[in-house]
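Asker: The structure under discussion is supplied below as structure tokens; questions concerning it will follow.
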Amino acid sequence: MFYQRVFEHQRLLGLKLVPKLKLAHIWPSTWQRMTVSLATQLYSKHMAMALKFLREDKKAAHLFNGSEATEKLTKLINDTFDIMNGRHKGESINGNNWNNLVEMEGKVTKGKKSVLEDMLKIIELTEECHRNPGKRPIM
């Protein structure tokens, strides 16, 4: 729902908060649903930042109230993908970044193990909700 609103907001106002966001990200065809690049662009840090920006924007805030969980999940999926898709030695999982807080780009971030554990908790909650449709998760 919020991803669709970001797309429509960009289209109507000519903004490019999520530069690669296209119709295929929101309403993918059967073939496009299998395209990893569309998923990684939708669940990107740009989308998480756009949700936060639009929620805090006075003109758009009413459309994005309650988007905090979507922003958090989007960032978690992005971070998980980045961890699993490291392409060079500096991005690899190693003893220095597995358990410890890591300084990147002037920011201190959680260790990679912590990010992956958070993602696993979300997957387990999703499975529990599927098994027990009437039960709401407590977070």
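The values are calculated or read from the model by the stated rules, or taken from the named source; none is laboratory data. Please read all numbers here as calculations on a predicted model, not as lab measurements. Virtual Cβ from ideal backbone geometry, glycine too; neighbours counted across all protein chains shown.
Asker: Whether any residue in segment 6-13 is of a type in the set (Phe, Trp, Tyr), in contact (Cβ under 8 Å) with a residue 24 or more places away in the chain and surrounded by 17 or more Cβ atoms within 10 Å (Cβ to Cβ) is what I want to check.
Answerer: Taking segment 6-13 as the starting set, the residues that turn out to be of a type in the set (Phe, Trp, Tyr) are 7.
Applying the additional criterion that residues be in contact (Cβ under 8 Å) with a residue 24 or more places away in the chain yields none.
No.
Asker: Right, another one. Please determine, by comparing only the residues of segment 87-108 that are assigned to a strand (DSSP E or B) and among the charged types (D, E, K, R), which one is modelled with the lowest pLDDT.
Answerer: From segment 87-108, those assigned to a strand (DSSP E or B) are 102-104, 107-108; that's our starting set.
From what is left, the residues that are among the charged types (D, E, K, R) are 103, 107.
Values: Glu103: 68, Lys107: 72.
Among them, the one singled out is Glu103.
For every residue, the table says whether it meets (1) surrounded by fewer than 17 Cβ atoms within 10 Å (Cβ to Cβ); (2) outside the structural domain of Thr109 (by TED's automatic domain parsing); (3) over 21 Å from Ser114 (Cα atoms).
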position	(1), (2), (3)
His25	no, yes, yes
Leu38	no, yes, yes
Leu54	no, yes, yes
His62	yes, yes, yes
Glu68	yes, yes, no
Lys75	no, yes, no
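Asker: If you scan segment 77-86, which residues turn out to be of a type in the set (Asp, Glu) and either in a loop (DSSP other than H, G, I, E, B) or buried (at least 18 other Cβ atoms within 10 Å of the Cβ) (or both)?
Answerer: Restricting attention to segment 77-86, the residues satisfying the condition of being of a type in the set (Asp, Glu) are 79, 82.
Correct list: Asp79 only.
Asker: Is one or more of the residues making up segment 41-49 surrounded by 12 or more Cβ atoms within 10 Å (Cβ to Cβ), farther than 22 Å from Leu116 by Cβ and without any contact (Cβ under 8 Å) to a residue 24 or more places away in the chain?
Answerer: no
Asker: Further question on the same structure: Please verify whether Thr126 is hydroxyl-bearing (Ser, Thr, Tyr), closer than 23 Å to Ala39 by Cα and more than 15 Å from the chain's Cα centre (by Cα), treating the condition exactly as stated.
Answerer: On the way: hydroxyl-bearing (Ser, Thr, Tyr): yes; closer than 23 Å to Ala39 by Cα: yes; more than 15 Å from the chain's Cα centre (by Cα): yes.
In short, yes.
Asker: Separate question: So, of the residues in segment 109-135 that are more than 15 Å from Lys75 (Cβ to Cβ) and surrounded by 14 or more Cβ atoms within 10 Å (Cβ to Cβ), which turns out to be modelled with the highest pLDDT?
Answerer: Out of the qualifying residues, it is Lys113.
Asker: Going by the conditions given, is Asn96 under 28 Å from Phe7 (Cα atoms) and either surrounded by fewer than 17 Cβ atoms within 10 Å (Cβ to Cβ) or touching a strand residue (DSSP E or B) at 6+ places or on another chain (Cβ under 7 Å) (or both)?
Answerer: Details: under 28 Å from Phe7 (Cα atoms): no; either surrounded by fewer than 17 Cβ atoms within 10 Å (Cβ to Cβ) or touching a strand residue (DSSP E or B) at 6+ places or on another chain (Cβ under 7 Å) (or both): yes.
It is false that Asn96 is under 28 Å from Phe7 (Cα atoms) and either surrounded by fewer than 17 Cβ atoms within 10 Å (Cβ to Cβ) or touching a strand residue (DSSP E or B) at 6+ places or on another chain (Cβ under 7 Å) (or both).
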